1. Please list 3J(HN,Hα) in residue order for region B:377-392, calculated via the Karplus relation 6.51 cos²θ - 1.76 cosθ + 1.60 where θ = phi - 60°; whole Hz, with x for glycine and proline.
2. Using only C-alpha positions, report the orientation-averaged shadow area of the convex hull of region B:250-371, nm², one decimal.
3. Across 5 Å bins from 0, what is the distribution of all Cα-Cα pair distances for region B:125-242, in whole percents?
4. Holding the Cα-Cα limit at 26 Å, pick out from B:Lys182/B:Lys379; B:Lys158/B:Lys402; A:Lys261/B:Lys297 the pairs that are longer than that.
5. Through the Karplus equation 6.51 cos²θ - 1.76 cosθ + 1.60, θ set to phi - 60°, convert the phi angles of region A:129-146 into ³J(HN,Hα) values in whole Hz; use x for Gly and Pro.
6. What percentage of all Cα-Cα pairs in region A:121-205 are separated by more than 19 Å?
7. About its Cα centre, what dipole magnitude does region B:7-91 give when the only charges are +1 on Lys and Arg Cβ and -1 on Asp and Glu Cβ, stated in debye to the nearest 20?
8. Would you kindly derive the ³J(HN,Hα) couplings of region B:312-329 from the backbone phi angles with the Karplus curve 6.51 cos²θ - 1.76 cosθ + 1.60 (θ = phi - 60°), listing them in order in whole Hz, with x for Gly and Pro?
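All of the numbers you see were taken from the coordinates with simple rules; none came from a lab. Small disclaimer: the values here were computed from a predicted structure and weren't measured. Reconstructed Cβ throughout: ideal geometry from the backbone, glycine too, with neighbour counts over all protein chains shown.
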Amino acid sequence: MDFGLSPEQRMLRDAVDRLLREHCPLDHVREVAEGGHAVSAAVVAALSELGLSGIMVLEEHGGLGLGLLDALVVAEALGAAVAPVPFVARCVLAPLALRLAGTPAQQARWLPRIADGSARFGVGLTEVVNRRDGGGVTAADGTLSGSALFVLDSADADAFVIADQGGQLHLVAGEADGLERLPLSTIDLTRSVGELRLDGVAAEPLGEDDGGTANRLVAAGRVLLAADSVGAGDVMIARAVDYAGEREQFGRVIGSFQAVKHMCAEMAARLEPCRSLVWYAAHAFDAVPDEALLMACHAKSHTGEVGRFVARTATEVHGGMGFTDLLGLHYWFKRIGFDRQLLGGPEIVRAEAAALQGWGKRAA
Amino acid sequence: MDLSYGPEYEAFRDELRAFIAENRHRAPAAPGAAQRAGADAVAWQQLLLEHGYTARTIPREYGGFGAEPDILTSRIIAEEFAAAGVPGGLSNQGISMLVPTLLELGTEEQKRRWIAPTLRGEIVWCQGYSEPGAGSDLAALRTSAREENGEFVINGQKIWTSTAHQADMIFCLVRTEADAPKHAGISYLIFSMKTPGIEVRPLRTMTGHAEFNETFFTDVRVPVDQIVGQRGQGWMVANATLGYERGMLGDPAALENRLAALVQLMHDERIDGVRAIDNAALCDRLVALQAEVAAMKFNGLRLLSNSLKGEPGGLAKLIVKLQSCELAHQISALAIDAMGELGLLYGGSRRERAGGSWQWNYMFQLGLIVGGGTAQIQKNIIAERGLGMPREPKLEHARAPKAEAA
Ligand SMILES: Cc1cc2nc3c(=O)[nH]c(=O)nc-3n(C[C@H](O)[C@H](O)[C@H](O)COP(=O)(O)OP(=O)(O)OC[C@H]3O[C@@H](n4cnc5c(N)ncnc54)[C@H](O)[C@@H]3O)c2cc1C
């Protein structure tokens, strides 16, 4: 028994951290975010150099053939660096969808291109998780109609994986007739999401099932968003601790006040178990299928709650400085806010977790 | 306990309702917290002042309505404006913080000069307390003022000065007694923001807007009679203002308004076709917040009754800022959760709800948990002053901080 990351996974984390330190310091994040791009071409290119666009693509299709736990290691590092790069949907969920449900022809067509970075996917799953007024996609005769909200990694995407309301997945070309892309702007300027308006758009079914694949994709996405928050939360705690060690009030560093120490200790006490939880959730996804969906729910809802606590508490430790733009702390705050809401906030996800176990009546 | 409204109160209520019905078309849209009141808001304020629906108990010679303090009329006014969804009288740092401070501690001349135009919305004030080295430890402030030819000459820097970029005047803490112990060396000055030597630099915050500023003073000259209280008494005056600030930040009427907006939002938003308010988990959180808002509302009524009887507010008063600011933040947090992904939209996005104001509030209210004395400082005050617990041991000696070189 060995609960922890493998030496390879730790090396991967080190490599990604090193790359991000070099290519993605906060100044760069600011420049990209304030420029309204949400995507740093330089960081995307550097990650591709490491082969990470093909992290989930099997070796026979030119990828690294790794699992969700490996992808999670990367997601945690990206969250820590608030890196403005499309990763969750583009590098993980899209190839995973093809791996799980694609025909050999679909796989052969798309996976090598995903691996070399020449096919850039966005993924729309929101309607499977919770459909809001104005959203919802229906399929008929090989076409899709309606609106897919919060399509992840949609900036400069040239193809999409879109779930319809029944949970069936579809492949849609970015240039298809009847497809309109509408940008959405959120608090988190390091993530790209958009709305797709579909009016009888030609679509290719991806697998044929009752939503099982879509549910697995949602689970994988949830684990990665939770991991992103663990990485981001980690940095917020570290920054709060550093600040508390420097800032003086009443003739002493504020970190010497028990109130401040307790804020930091409570953040750590709550976040540290989340790290283990998201690791296990990713492991379950890769190797313990019976637990995969439930653990993904736990990772997402619990880390969502803890993330919110860490984000506000670390800000409070910084006093007025935390509220300003000066230290850029809000980039992490907003990143964690985004992770919490996307693919289901805690209440919605907990209701699913209960339903998976036959508990309670699933709240509408 | 007697909360009955006698016939004369019901007549007052009818009168107020008729006034609102007749005049509501003249009411401005509720101004955002970071905005200076526009001409329509100033005109509305004037109308309310004339009818005694704001500044009701402030003496007439200072521009108020001069009515006797009365818990029921103030309650009726708050209720009716809230129920009609029409903004009541202006609330800002001048009206809610400086005016009561001057009433309590200002000279007759200061009251006559500053209160009326402030009430009318003609003078906007900002609060110059915090400095880079003096936040929670406010008494460590170093901005200096030396007296010279009948004037104070001010040098130094303030930070986090809300609305300084729009303000006409500032109430400002400065160190006048370089050799006195820390708390005894401070004076409270009021002066125009147009005085030569003042520079205001906006500071952008996490909301993406610049709600506050850095304010720099270089040889700023202020007549010596623009001091509130005596030289060296500024700490006492400042604490009076801080008390009013904490009352303003803890205003239960504001919480009730936010809660009403949240209830409306949860009726409007649907999840898989079902209203958010019918989602058991979200509804449970809503009802919990509703109970807490009710508790703060009645806590407010109790405090009002106490103060009319001249009794101290005690613990019930000391907890107001801490609890209300947290509650306001939690109301916005639930709104974001009820909107799900849509709760993330901001910055003028399509499909954004209420102009992104829930997200703005969620962030700004976190700022207010810090501003006006942080949550941790509030807890220290509750423990030490409210519960009589021992003070934390102090490392420092009550030595005066070095005043800014002048
Ligand atoms: C939105 C907003 C508006 C503001 N508007 C104004 C304004 O108009 N005018 C003005 O003068 N100021 C204003 N302020 C400043 C505000 O009053 C200060 O930010 C606040 O007093 C805290 O000071 P600080 O920022 O220096 O934090 P610090 O004092 O450095 O505090 C940092 C952390 O240390 C903790 N801490 C400090 N001392 C202790 C202690 N003894 N025990 C336990 N914990 C402690 C704090 O709780 C906090 O978590 C505003 C601030 C905000 C956020």
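1. Residue by residue, region B:377-392 yields 5, 4, 5, 4, 5, 4, 5, 7, 8, x, 9, x, 7, x, 6, 4 Hz.
2. Details: hull surface 32.2 nm².
Dividing the Cα hull surface by four gives the mean projection, 8.0 nm².
3. The distribution over region B:125-242 is 2, 13, 24, 26, 20, 10, 4, 2, 0, given as percents.
4. On the way: B:Lys182/B:Lys379 23 Å; B:Lys158/B:Lys402 16 Å; A:Lys261/B:Lys297 33 Å.
Flagged as over cut-off: A:Lys261/B:Lys297.
5. 7, 7, 8, 9, 4, x, x, x, 10, 10, 10, 7, 6, x, 10, 10, 9, x
6. Working: 953 of 3570 pairs.
The proportion of pairs with Cα distances above 19 Å equals 27 percent.
7. Values: 8 positive and 12 negative charges, 78 e Å.
Here the size comes out at about 380 debye.
8. Using θ = phi - 60°, the values come out as x, x, x, 4, 4, 8, 5, 8, 4, 5, 4, 5, 5, 5, 5, 5, 4, 5 Hz.
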